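Here the structure is laid out as structure tokens; the discussion comes afterwards.
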Amino acid sequence: MAAIKFYLLPVEECASALAMHEIAREDALSAKRDLLSKYGADAILRAGPHVEAIAWKEMPDELAGFTIPRWSSEHAAWIQKPKKNTLRGKQAAREMDEVGELLEIWQWSLERALGVYGYIFGRYRARLAFLYAVANPLEDGRVVLSFPVRDHLDDWREKTADDPKLPSFATEITQEEAEKLIGKKVPELL
């Protein structure tokens, strides 16, 4: 069974990665704000880099190039999706995809900048799962890293280029120490 181990990364090794992460954050949030402002929306609905729809708390006017507004009880919001068979809908879909891509880049920018981005596929808590390396920045400039580790039962699985690489400067800590530093429980799976 795979396991999740926790590591603390020192300030001096994280400074440039955190700076790049902040740039990615600013770019993504600026693009999202611009998109929401353009359509007078309150939120976007996204899965990974794909923005599926725009959402409002109150019933919006119909937008050219979009489906008619419909209430989504799942999201507790009014949503409209771009019609991909119209010019305006295609343009809106491209804009939404650009925002989704920037949000996805931001989501994983710290892991990529630290060189730990990746995942393993293996048994975790009695089920097969993708386990990702996740970096959590701390206010003092350090980073807590949740890192998936294969065990001997997963040795039969071929290692892939996506396997995360643990930095040499990482210091192992317990899950309790990681949660205390982060200030919240660490999610079981992403």
Protection proxy (average C-beta count within 10 Å per residue), highest first, orders 104-112, 119-127 as 104-112, 119-127
Most packed first (mean Cβ within 10 Å per residue), the peptides 178-184, 128-134 order as 128-134, 178-184
If one builds a Gaussian network model of the chain from Cα atoms under 10 Å apart, the most fluctuating residue listed among 163, 140, 27 is 140
For residue 81, the lysines lying under 26 Å Cα to Cα, once residues fewer than eight places off in the same chain are dropped, come out as 32, 38, 57, 90
Residue-normalised value, i.e. accessible area per residue, for the chain at 1.4 Å probe, in Å², stands at 60 Å²
With the 8 Å Cα cutoff and a minimum separation of six or more residues, the chain has a relative contact order in percent of 32 percent
CD proxy, 222 nm, the chain: helix-only mean residue ellipticity via -39,500 (n - 2.57) per DSSP H run with n ≥ 4, per residue, nearest 500, stands at -12000 deg cm²/dmol
The aspartates and glutamates whose Cα lies under 16 Å from the Cα of residue 185, excluding any fewer than 8 residues away in the same chain, are 176, 177
Excluding ligands, DNA and RNA, the carbon-plus-sulfur percentage of the accessible area of the chain with a 1.4 Å probe reads 53 percent
Given 39-52, 58-71, the highest-first ranking by average Cβ count within 10 Å works out to 39-52, 58-71
Total charge of the residues flanking residue 72 in space, meaning their Cβ is under 15 Å from its Cβ, with Lys and Arg +1 and Asp and Glu -1, is 0
For residue 165, the lysines lying under 16 Å Cα to Cα, once residues fewer than eight places off in the same chain are dropped, come out as 5
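The values are calculated or read from the model by the stated rules, or taken from the named source; none is laboratory data. All figures in this text were calculated on a predicted structure; none of them were measured in a lab. For neighbour counting, all protein chains shown are included, and Cβ atoms are generated from backbone atoms with ideal geometry for every residue, glycine included. Surface accessibility is based on the protein's heavy atoms, side chains included, excluding ligands, DNA and RNA. Shrake-Rupley method; radii C 1.70, N 1.55, O 1.52, S 1.80 Å.
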